[in-house]
Every structure is written in C-alpha cells, then in structure tokens.
1. Every residue in the stretch 70-94 that is outside any helix (DSSP H, G or I) and open to solvent by 20 Å² or more (accessible area, probe 1.4 Å), please.
2. Could you please find all residues in the stretch 44-56 being over 25 Å from GLN131 (Cβ atoms) and open to solvent by 50 Å² or more (accessible area, probe 1.4 Å)?
3. Only one of (1) open to solvent by 50 Å² or more (accessible area, probe 1.4 Å); (2) touching a Lys or Arg at 6+ places or on another chain (Cβ under 6 Å) is not met by MET63, so which one is it?
4. Give all pairs with beta carbons closer than 8 Å in which a residue from the stretch 296-312 that is closer than 16 Å to GLY181 by Cα and at pLDDT 80 or above meets a residue that is small (Gly, Ala, Ser) and in a helix (DSSP H, G or I); count only pairs at least 6 apart in sequence or on separate chains.
5. Does the stretch 193-202 include one or more residues that are farther than 30 Å from GLN277 by Cβ, buried (at least 21 other Cβ atoms within 10 Å of the Cβ) and under 16 Å from the mean Cα position of the chain (by Cα)?
6. May I ask you to list the residues in the stretch 109-125 that are at pLDDT 95 or above and either open to solvent by 70 Å² or more (accessible area, probe 1.4 Å) or assigned to a helix (DSSP H, G or I) (or both)?
7. Could you please let me know if CYS7 is closer than 18 Å to ASP210 by Cβ, outside any loop (DSSP other than H, G, I, E, B), more than 15 Å from the chain's Cα centre (by Cα) and of a type in the set (A, V, I, L, M, F, W, C)?
Amino acid sequence: MITVYTCINQDHKIQKKSSSGGVFYLLAREIIKNGGVVFGVRFNERWEAIHTIAQELDDVYAMLGSKYVQSSVGDTYCQAEKYLKDGRYVLFSGTPCQIAGLLAYLGTDYKNLLSVSVVCHGVPSNQIWKQYLQYIRKGREISKINFRDKTSGWLDYKIKIEFTDGTTYLQSRGMDVFMRGFLKNLSLRPSCYQCPFKAEVNQADITLGDHWGAKEQEGAVYDAMGVSLVLVHTSKGNAYLEAIKKYLEIKEIPLQSLYSTNPSLFKSTEKPEERDQLFDRKEEERLTYIAQVTKRTYIQAKKNQIKRNIRAIRDKILLKK
C-alpha cells in the first residue's frame, strides 16, 4: 500500500536550491550521517547528466535540482553493489526505470539500500539537448545550468543558464524551445510513451516529486518556493521518512487526490503525432520544428509574461503612494 505525504523542508535555503520541497537532501544527509554513500545525478564538464557518488554532504548539492535529460548510470550499479556488500548504507536515486534496472542488477534485497525514484514525465532525447546547448551558447562557455530557477517562485519556474563571461540566459519554460519540446512530449525517448513503472509498479522504497496541486488541495502544506510529494512504497522507506520528519512540515494526503494534478504518477505520456516527424528531420532542423509545433505555447507564455510585468509595475506604483 502506498502512503502519500505533502511536505516542505524547514530549512528554506535547501528548499530554494531544490526542485520542489527539499526532501532528497534530508534523506541523503541521513544516509551520510550513518556512514553511507549517495548516488545521484549531476552535470559533468560537457553538461551531460551522469550518475555519480557523494560520500560527503557537500557533494550532494550538485545532485539537487531536476535534470531534464537522460542520465548515464555508467558503472554506478557495480559501485553501489560493492558498498552494499561491504555493509555500507547506500541511497540510490534515479528514474523509476533506472531503479528497476539497479534492483534487477543486484538480484537481492539489501537491507542497507534505500532506493529513491522521481516522478517521471519522460526523458528528452540527448541529441536534442546537445543541439539546444550549441544553439544557446553562441560561442560562450557555460558555468551553471538550472532547469528550475525559482526567482519568480516554484509555480513560475524558469530555465537559467549562466556563462563564464558573466552573461545569463533566463527564460520562462513556455518560451524556451527545449522546455517546450519536453513539456509538450515531442522530444521524449520512445520507451517513455509506454512506461511500465507507474504507481503500484514502481519498485523504489520512496518516490519524490512536485506536489503541483498543493496550493488548491485542502489539508496540504504549501509554500511559494516549492512543495514535495513523497510516496512511501515500503516499510524501509517509511523508516527513513520517520527519521527526517522532524525537519519537515508534513501532512498525509490520499493517493487518489493526485490523479488529476500529477498524472505522470499513474500513466505514460501520450505520444504526439509530430514526434516521429521531429526525428525524421535533419538534426539541424529539429529545434526549428519544435518552435513551429509549439508556437501557441510560446504566444500564450509571452502574453502571461506581459501580464505579470504589468502587475509588477502596478504594484510598485501602489507601494509608492
């Protein structure tokens, strides 16, 4: 039976660095505090998403925040197995299919393993990601990428890319071509349209995600900087949540309350008709095609941004009076 919680890390600095409410950091801290290691995803020097290991808490920070690209697990399954056999605690995080892959590789239930999956909408093509980075760089060197910048709040998150020359690209998800392709399901990997690891089939101890309906849901906690959704699948997962509860603002909610607000928990993303057409095109034409197909999304996002700017100017004028 799945137990569901809505929660927020009481340390708002961690909450702000995280994609949603900041629960992953607390789980990682619990593991490291007990002499364990954490496997999560960070960017490498080529801005590819890779699974890596953290043995110190400072190394966990690079794992915080969503990476909307396919991560390479490399030899981390093998590394995790070695630590588990040595008796060390291990937290391994990833998409539901990556967790299923880890458990199949291990072939046995290790009591010292905590598996943590993320609510997965689907994974965009790395080809599209590389093309996008080339387009957005314009010859500059990237110093930092944040898919979920919360400058304007959690519900209005933006993609932010910082460059070594001091310039910054900051754009609404509805106006950025990569995010539009991702959110409109155009650029996902073929397997994501038929994902076998939804809801009760998820094999992780804990699933983490965004509680998108928190603001409107009666009984849920809410904060403009993000709210985490925590689904506990096993008694082991429950024990770890109990260990960090004192650091959370947390409330239990019914699983069925998420059917409309978090559909990625329960069903695969639908494949758009334009998806095959996108990948039938030459690589250099694909971003242009995404821009064309999602033009309505761009126009609506532009209108929304203009409205927000007008409201901000109006509020400043009213404050001066």
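The values are calculated or read from the model by the stated rules, or taken from the named source; none is laboratory data. Bear in mind that the values here come from a model prediction, so they are computed numbers and not experimental data. Here the Cβ positions follow ideal geometry from the backbone for every residue, glycine too, while neighbour counts run over all protein chains shown. For accessibility, only protein heavy atoms count, side chains too; no ligands or nucleic acids. Shrake-Rupley method; radii C 1.70, N 1.55, O 1.52, S 1.80 Å.
1. So the first thing to find is which residues in the stretch 70-94 are outside any helix (DSSP H, G or I), and the list is 70-75, 86-94.
Scanning the stretch 70-94 gives GLN70, SER72, VAL73, GLY74, ASP75, ASP86, GLY87, ARG88, TYR89.
2. The initial filter retains those residues of the stretch 44-56 that are over 25 Å from GLN131 (Cβ atoms), namely 53-56.
Answer for the stretch 44-56, where residues must be over 25 Å from GLN131 (Cβ atoms) and open to solvent by 50 Å² or more (accessible area, probe 1.4 Å): GLN55, GLU56.
3. Going through (1) open to solvent by 50 Å² or more (accessible area, probe 1.4 Å); (2) touching a Lys or Arg at 6+ places or on another chain (Cβ under 6 Å) one by one, MET63 breaks only (1).
4. Correct list of pairs: TYR298/ALA291.
5. Going residue by residue through the stretch 193-202, those that are farther than 30 Å from GLN277 by Cβ are 199-202.
Add one more test, that the residue is buried (at least 21 other Cβ atoms within 10 Å of the Cβ), and what stays is 202.
From what is left, the residues that are under 16 Å from the mean Cα position of the chain (by Cα) are none.
No: zero hits.
6. Correct list: LYS111 only.
7. Details: closer than 18 Å to ASP210 by Cβ: yes; outside any loop (DSSP other than H, G, I, E, B): yes; more than 15 Å from the chain's Cα centre (by Cα): yes; of a type in the set (A, V, I, L, M, F, W, C): yes.
In short, yes.
Condition check ((1) without any contact (Cβ under 8 Å) to a residue 60 or more places away in the chain; (2) touching a Gly at 6+ places or on another chain (Cβ under 9 Å); (3) of a type in the set (Ser, Thr, Tyr); (4) open to solvent by 80 Å² or more (accessible area, probe 1.4 Å)) across all residues:
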| position | (1), (2), (3), (4) |
| --- | --- |
| SER235 | yes, no, yes, yes |
| ALA239 | yes, no, no, no |
| ILE244 | no, no, no, no |
| THR269 | no, yes, yes, no |
| GLU273 | yes, no, no, yes |
| ARG281 | yes, no, no, yes |
